[in-house]
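Only one structure is covered here, and it is reproduced in the block below.
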Amino acid sequence: MQAGNTTRDIKTPPAGIGMLLLLGPSLVWCSEYIGSGEVILATRTGSILGTSVLWAIIIGIFLKFWIGMSGARYTVCTGEGMIDMFARIPGPKHWAVWIVLVGQLAAATIAISSIASASGIFLSALVPIPQHIGGWIITLLAFLIAWSGEFKWLKIAMSLLILLVILGVFYVAFRVFPGVTTLLDGLIPRQPEVPSWALSKGISANPWREILPLIGWSAGGFASQVWYSYWVIGAGYGNARKDVYGQPADLEKLKTISAVGAERIKGWCRVVGTDASVAMVIGITATAGFLIAGSGVLGSMEIVPEGDEVAIQLSEIFASRWGTTGAILFMVGGTAALFSTQIGQLAGWPRLLADTFRICIPAFGKVLQWKNQFRLFLFFFFITNMIIVYTIGYKPVMLVKLGAILDGLLLTPLQAIWIFVGLYVVMPKLLRKDTWKILKPHWIYGVVLIVAFLVFGYFCIYQIPRIW
């Protein structure tokens with residue numbers, strides 16, 4: 001059975017304060033992307049460049065918020081995920097999905113392994129085990145949880161640990177707050193200079209080598225925006241059928257949606273807007289908090305988190321205020337944050353790749369049921385994690401930065417313009433004219449998606465080649 005609902009199947013959306021009671025996809029989104037980008041990259045960038053790059057966090061997260069929310073809006077209206085939207089982009093058959101398949105297979109392999117290696121180093125700082133063993137333990141546990149699909153209560157426990165660390169970082173950031181003038185100055189986009197003490201430690205004089213990875217994994221990368229459409233399906237918003245993945249929209253049913261059904265769906269679009277806005281606010285405040293704490297503590301101590309000592313070096317943020325207990329708390333919370341991210345990635349990337357293979361290689365979907373497709377890719381990432389953690393896992397910062405570039409920047413300009421086409425070219429063809437008039441996105445969606453295309457395109461075409 002294909003995805004899609006008739007008018008009578010579309011539930012009446014909540015309104016007002018009731019929308020807050022249904023928030024859910026945003027919390028999964030946050031628990032997935034608050035990990036290496038904040039714990040490692042934001043604190044490292046803050047230690048080197050200070051708060052002068054606060055603008056990069058805000059620009060990156062704000063534009064990705066619009067990309068993710070716009071894609072989720074399409075899902076609410078049609079019932080299908082973002083990859084199926086890309087399959088409908090005009091041009092050669094499935095050309096956009098083929099690009100995603102190739103690009104994301106490489107990005108996922110590096111990005112998932114980078115989280116495993118970083119979390120292994122954090123775990124080995126807590127218990128006396130080799131770092132690669134710690135990475136294997138994290139990989140195995142995340143693999144088993146993602147395989148079973150039962151991780152509701154674990155996610156709650158992990159979220160509490162993450163919240164504890166975030167609150168602690170906010171406290172430290174407050175104690176080392178640089179002042180309103182300095183903070184406001186950091187909101188002005190400019191290229192900062194790398195301080196001489198950082199240059200003496202081998203840091204490149206090109207600040208974009210630190211800025212681009214930070215932007216890449218602020219609010220997650222390309223995949224995170226795709227996954228948000230999956231979490232919306234999981235919640236059953238609007239025309240999406242709850243927990244029905246790997247199926248395109250039922251085009252016949254879409255044509256039967258009346259004006260009444262369209263108004264209900266429009267209400268669910270507002271719910272998605274509220275839900276995504278919560279994720280944006282959490283993302284900006286959490287990432288900025290780590291940046292400020294890294295600047296005020298690690299920067300003042302002239303420490304650059306690097307190599308297999310990254311967990312100990314980062315723990316200096318809490319140790320500076322709460323001694324050994326604070327350092328241990330940071331490492332526990334950091335391990336939890338990275339573990340939570342690993343679970344989210346192992347739940348999301350196999351879904352994404354299963355969709356790309358189903359569309360590009362139809363025989364793949366006919367031979368294997370969706371659940372088996374998901375588990376096949378899950379097992380693939382389990383194996384690649386084990387290998388990479390053992391071979392180059394001692395360089396977590398390098399892996400995290402590479403993953404941020406591959407997943408967070410390279411395909412993001414295309415994602416923005418594809419979603420623009422999906423909303424304004426593809427979706428009108430799937431709906432009746434009267435339904436489209438009701439569900440047509442406001443012009444601001446189109447403007448911001450084009451801006452996102454131009455901004456991330458500038459990073460990819462001009463700045464990325466200059467950092468190598």
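Summary table
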{"quantity": "Pair-distance profile P(r), taking every C-alpha pair of the range 7-463, with 20 angstrom steps and integer %", "calculated": "26, 57, 16, 0"}
{"quantity": "Cross-link reach list, lysines versus LYS266, counting only Cα pairs under 21 Å and skipping chain neighbours closer than eight places", "calculated": "LYS11, LYS242, LYS253, LYS255, LYS429, LYS433, LYS437, LYS440"}
{"quantity": "Mean projected area in nm² (Cα convex hull; one quarter of hull surface) for the range 212-331", "calculated": "10.7"}
{"quantity": "The range 387-463 - convex hull of the alpha-carbon atoms, volume per residue in Å³", "calculated": "122"}
{"quantity": "When the convex hull of its Cα atoms is projected in every direction, mean area for the range 245-394 (nm²)", "calculated": "13.4"}
{"quantity": "Histogram of C-alpha separations across the range 323-468, 10 Å bin width, %", "calculated": "9, 22, 29, 27, 10, 3, 0"}
{"quantity": "Straight-distance crosslink candidates among lysines, where the alpha carbon sits under 24 Å from LYS401 and sequence neighbours closer than 8 are dropped", "calculated": "LYS64, LYS201"}
{"quantity": "Dipole in debye (nearest 20) - the range 242-299, about Cα centre, beta carbon charges: Lys, Arg +1; Asp, Glu -1", "calculated": "160"}
{"quantity": "Fewest-first sequence of VAL281, VAL232 by Cβ atoms within 10 Å of each Cβ", "calculated": "VAL281, VAL232"}
{"quantity": "Helix-derived mean residue ellipticity, 222 nm - over the chain, DSSP H n ≥ 4, -39500 (n - 2.57), to 500", "calculated": "-22500 deg cm²/dmol"}
{"quantity": "Paired Rg and Dmax values of the range 357-407, which use every Cα atom, in angstrom", "calculated": "14.9, 41"}
{"quantity": "Å³ per residue enclosed by the Cα convex hull of the range 284-331", "calculated": "75"}
{"quantity": "Within the chain: Cβ-based charge dipole about Cα centre, in debye rounded to nearest 20 (Lys, Arg +1; Asp, Glu -1)", "calculated": "1440"}
{"quantity": "Square roots of 5 times each gyration tensor eigenvalue, C-alpha, the range 305-385, largest first, Å", "calculated": "41, 11, 9"}
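Here, each number is a calculation from the coordinates, and none is a lab measurement. Just so we're clear, the structure is a prediction, and the values are computed from it rather than from any experiment. Quick reminder, even Gly has a Cβ in these numbers, built from the backbone with ideal geometry, and neighbours come from all protein chains shown.
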